[in-house]
Amino acid sequence: MAIFQRLSRAWKMSSTFKFSLAFDHEGNKLDHRNGVSYYDKYWKKCQTWAKPPITMALALDGQILKDDNVPVTDNDRNPDLILSPYQDIRIRI
């Protein structure tokens, strides 16, 4: 299924999108300021809502690390789903 079809389905529900520098297959993301970015703070706040939005990250296939793990902190919030042109990584959905 084309990425645009997947995105159009996602936009029909409550969702947020994020871009990052790199991802691993555990859903960890590498940001410019890991753990203190706007999205980490916003996603943490969203988890307190009665119906939290689905959090998604958009990536190119080269940004998804195959054998390595991304360093994380306690404040990092992982997306529910990572979408890329040739692979999708489902973390919590």
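Taking label points 7 Å from Cα along the Cα-to-Cβ direction, HIS32 and THR73 give a separation of 1.5 nm. Taking 0.36 nm per residue of separation and subtracting the current Cα-Cα distance, fully stretching the chain between LYS51 and HIS25 would add 6.8 nm. Listed peptides 77-89, 46-58 appear in the order 77-89, 46-58 once ranked by packing, highest mean of other Cβ atoms within 10 Å at the front.
Read-outs: derived from the displayed coordinates by stated rules, not from any lab. Remember, it's a predicted structure, so these values are computed and weren't measured experimentally. Using ideal geometry, Cβ is built from the backbone for each residue, glycine included, and neighbour counts are taken over all protein chains shown.
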